[in-house]
Amino acid sequence: MNMYKQFIKNMPHKLLLGIALVSPLATSVAEEADFKQEIVIVAKKQSSDLKNKIASYMEDVKITQGTLSIEADIVKVTNLEGTDLKHYLAIGKPARFSQILDDGQKIELQADEVAYSPTTQTIIIKGNASVSQEGSMVKGDIITYNIATEQLNAESASTVTTILKPEVKPEDKDVSPKINNEIEQDKEQ
């Protein structure tokens, strides 16, 4: 498992990326089938500007596309000019994005603001931002994650915090059942 990779691509929105890292959080490709699924949006309220192709969804918003899920208080969906391509801006306390990856692991991102561009498969989260997968976590002010390239960048005015789950050795996995069996056998005697 690669612990860190340098992020070398220029990201949209010209972010000042002070710290670039990729952790065990980004070890799998997103579920490819998700992007072929229909998008379902559920909310208590909806407001649309059909001329400018902007839709706003408010109160208990949930957007799903296959295993991909966005939950927020408000989501603004904007069509990119001259196209049918969409950009999602979710705001909440927190707003959440999650997806099941091809290897079955779930990646979860949450922040005050989640910007998602399906076209570039990029998610930018801002304000109390965190990304977690397989028990590991990265926290910062701004985190950028590219689903397709599995690259993650985090920055913060103070510090970025990374918590890595320890690797479990194959022989360690077998210890618990053996100990539990021995305890059960002692109880029976």
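Scanning region 40-54 for residues that are surrounded by 12 or more Cβ atoms within 10 Å (Cβ to Cβ) and either at pLDDT below 95 or more than 30 Å from Asp102 (Cβ to Cβ) (or both) turns up Gln46, Ser48, Lys53, Ile54. Considering the conditions (1) within 21 Å of Thr120 (Cα to Cα); (2) at pLDDT 50 or above, Lys9 is excluded by exactly one of them, (2).
Taken together, the residues in region 66-88 that are under 15 Å from the mean Cα position of the chain (by Cα), under 13 Å from Pro118 (Cβ atoms) and among the aliphatic types (A, V, I, L, M) amount to 2.
Checked against (1) at pLDDT below 95; (2) open to solvent by less than 20 Å² (accessible area, probe 1.4 Å), Ala72 passes all but condition (1). Taken as a whole, the condition of being in contact with a Gly (Cβ under 9 Å, 6 or more places away or on another chain) and not aromatic (Phe, Trp, Tyr) does not apply to Glu134.
The values are calculated or read from the model by the stated rules, or taken from the named source; none is laboratory data. From a predicted model like this one, the values you see are computed outputs, not experimental measurements. Positions of Cβ are generated from backbone atoms using ideal geometry, with glycine treated the same way; all protein chains shown enter the neighbour counts. Side chains are part of the model used for accessible areas, which takes the heavy atoms of the whole protein and leaves out ligands, DNA and RNA. Shrake-Rupley method; radii C 1.70, N 1.55, O 1.52, S 1.80 Å.
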